[in-house]
Amino acid sequence: MIEIAAEPQPILVDLARTGLIIIDMQRDFLEPGGFGETLGNDVGRLAAAVGPCQAILAAARGAGLLVVHTREGHRPDLSDAPKAKVERGDPSLRIGAPGPMGRILIRGEAGHEIIADLAPAPGEPVIDKPGKGAFYQTDLELMLRNRGIDTLLVCGVTTEVCVNTTVREANDRGYRCVVLGDCCASYFSEFHEYGLKMIKAQGGIFGWVSDSASAIAAIS
Ligand code: C5J
């Protein structure tokens, strides 16, 4: 067992039962011309998380942890995209509309890919999810259960949307989530701050919050 410095208190983890999950570090969210920008966001705000994610990814691979990547996106025929999700925003910029990186938020398109700096290594599972949470309509839970995982180090974007949704889903399923704050980012600095605060408040109501340096020091 090793201890990771975290809030609201340090957490003891068994590395054999710990996985790293990197949520939606996709071109569609981090690069100009993708889904994030079509929603009116300054995508450059997410760049701060890339370096810390690279560092924890290297450490997790070195420590032999399970590494899982996720991508938000839909089938080309949009059959898995709820009407209520698609019909938001400017019709020419909606999910499925053509953009500079291919159709927006569609599987198989360039924008749907994980950014090159965090490309999955051969053998690392990539979970394609139609929703914000990584457990909804995916086989993530089965994969974690089969490997005996009980604790997740959580990174990715955006803090208050897909990271928070996934942490809440995981918490309800009995997983312990340690969110690495500097490995997450939001288009809104206040949402990032409060997204982390909501996780660790009330004695860690959804989980723990730590950072890449503390996690790397513990697992290396
Ligand atoms: C959003 C995500 N923000 N990955 N998706 O729509 O957080």
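The values are calculated or read from the model by the stated rules, or taken from the named source; none is laboratory data. This structure is a prediction, so every number in the text was calculated from the model and none was measured. Methodologically, a virtual Cβ is constructed for each residue, glycine included, from the backbone with ideal geometry; neighbour enumeration extends over all protein chains shown.
Numbers for the structure displayed
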| item | result |
| --- | --- |
| Which listed residue, of 32, 52, is in contact (Cβ under 8 Å) with a residue 40 or more places away in the chain, assigned to a helix (DSSP H, G or I), closer than 21 Å to residue 162 by Cα and more than 13 Å from the ligand (Cβ to nearest atom) | 52 |
| Residues that are of a type in the set (A, V, I, L, M, F, W, C) and either within 12 Å of the ligand (Cβ to nearest atom) or surrounded by fewer than 20 Cβ atoms within 10 Å (Cβ to Cβ) (or both), drawn from the range 174-195 | 184, 185, 188, 191 |
| Close pairs from the range 66-77: first over 18 Å from residue 143 (Cβ atoms) and assigned to a strand (DSSP E or B), partner more than 12 Å from the ligand (Cβ to nearest atom) and not β-branched (Val, Ile, Thr), Cβ under 6 Å, at least 6 apart | 74/80; 74/81 |
| Residue 51 closer than 19 Å to residue 179 by Cβ and at pLDDT 95 or above | yes |
| Flag if residue 128 is modelled with pLDDT of 95 or more, among the charged types (D, E, K, R) and more than 13 Å from the chain's Cα centre (by Cα) | no |
| Residue, surrounded by the most Cβ atoms within 10 Å (Cβ to Cβ), within the range 12-61, restricted to residues that are closer than 23 Å to residue 169 by Cα and of a type in the set (S, T, N, Q) | 26 |
| Number of the exception - residue 153 against (1) over 12 Å from the mean Cα position of the chain (by Cα); (2) closer than 16 Å to residue 69 by Cβ | (1) |
| The range 62-92 - residue that is β-branched (Val, Ile, Thr) and under 20 Å from the mean Cα position of the chain (by Cα) and, of those, surrounded by the most Cβ atoms within 10 Å (Cβ to Cβ) | 70 |
| Failed condition for residue 119, given (1) more than 19 Å from residue 152 (Cβ to Cβ); (2) touching a residue at least 60 places away in the same chain (Cβ under 8 Å) | (2) |
| Within the range 125-173, tally of residues that are hydrophobic (A, V, I, L, M, F, W, C), outside any strand (DSSP E or B) and crowded, with 16+ Cβ neighbours inside 10 Å | 10 |
| Residue within the range 135-142 that is touching a residue at least 24 places away in the same chain (Cβ under 8 Å), away from the ligand (no atom under 15 Å from the Cβ) and farther than 21 Å from residue 71 by Cα present | no |
| Boolean, residue 104 is of a type in the set (A, V, I, L, M, F, W, C), surrounded by fewer than 22 Cβ atoms within 10 Å (Cβ to Cβ) and within 13 Å of the ligand (Cβ to nearest atom) | no |
